[in-house]
Amino acid sequence: MVARRSRASSHHTHTYTRTHVHAPPLPPSPPPPPHTSRYGGGTDAEKDAKYKTYFEGDPDTNVEAVAPKWFAFYETMLVRSKTPFLGGSGDVSMADFLLYDLLDNHEGQQPDRTRALLLPQDGVSRFPALVAWRARIASRPNIAAYLASPNRRKR
């Protein structure tokens, strides 16, 4: 579509005239790739291998685990905060809700690996401030109601 602009000389108004430009039709879209798993993009075994590397690393390829580094980063932020909240504010902030959602998604997709990282079997967490903070956020009335509701995605 092309717009032409003309200005009437007797007053200060603008008049726009639109003319249509006809473009050739687009070719049909190719069919989507076949999904090999429930969530697409690789087999479940391939995804599990990626999650294993993300949470535990891969000594065969010398790839370090990523999740423990991020959990340690958030642990440090919470320890340094002068308040019980992630952003150091006097009340819960968007940063707290976003981190809570991130951890909740980790647990939803990889419950055993997330729990093993946050609460190992020996009961001594490498991330005590993160575990305590998460419990505090989960105990907030609206969050607790959501976690107990049927609207929450099934685990």
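Taking the range 87-139, which residues are among the small types (G, A, S) and surrounded by 12 or more Cβ atoms within 10 Å (Cβ to Cβ)?
G87, G88, S89, S93, A95, G108, A116, S125, A129, A132, A138
Taking the condition of being modelled with pLDDT of 80 or more and within 21 Å of the chain's Cα centre (by Cα), how many residues in the range 27-48 meet it?
Selection size over the range 27-48: 4.
Within the range 108-144, count every residue that is farther than 25 Å from R80 by Cα and under 18 Å from the mean Cα position of the chain (by Cα).
Residues that pass the stated criteria total 5.
Quick check, is T61 over 18 Å from the mean Cα position of the chain (by Cα) and either surrounded by 12 or more Cβ atoms within 10 Å (Cβ to Cβ) or of a type outside the set (D, E, K, R) (or both)? Lay out the reasoning, then the answer.
Working: over 18 Å from the mean Cα position of the chain (by Cα): yes; either surrounded by 12 or more Cβ atoms within 10 Å (Cβ to Cβ) or of a type outside the set (D, E, K, R) (or both): yes.
Yes; evaluated as a whole, the condition is true for this residue.
Search the range 97-115 for residues that are closer than 14 Å to A67 by Cβ and pair each with any residue that is polar (S, T, N, Q) and at pLDDT below 95 when their beta-carbon atoms are under 6 Å apart and the residues are at least 6 apart or on different chains.
Correct list of pairs: H106/T114; E107/T114.
Scan the range 117-150 residue by residue and report those that are touching a residue at least 40 places away in the same chain (Cβ under 8 Å) and farther than 21 Å from M77 by Cα.
I143, the sole residue that qualifies.
Considering only residues that are hydroxyl-bearing (S, T, Y) and closer than 20 Å to E56 by Cα, which ones fall in the range 77-118?
Hit for the range 77-118 is T114, nothing else.
Inspect all residues belonging to the range 87-102 and state whether any of them is over 17 Å from the mean Cα position of the chain (by Cα) and modelled with pLDDT of 90 or more. I'd like the intermediate steps shown before the answer.
As a first pass, look at the range 87-102 and keep what is over 17 Å from the mean Cα position of the chain (by Cα): 87-92.
After this cut, where a residue has to be modelled with pLDDT of 90 or more as well, the list is 91-92.
There is at least one residue in the range 87-102 that is over 17 Å from the mean Cα position of the chain (by Cα) and modelled with pLDDT of 90 or more.
The values are calculated or read from the model by the stated rules, or taken from the named source; none is laboratory data. Values in this document were obtained by computation on a predicted structure and should not be read as measured data. All Cβ positions, glycine included, derive from the backbone under ideal geometry; neighbour counts span all protein chains shown.
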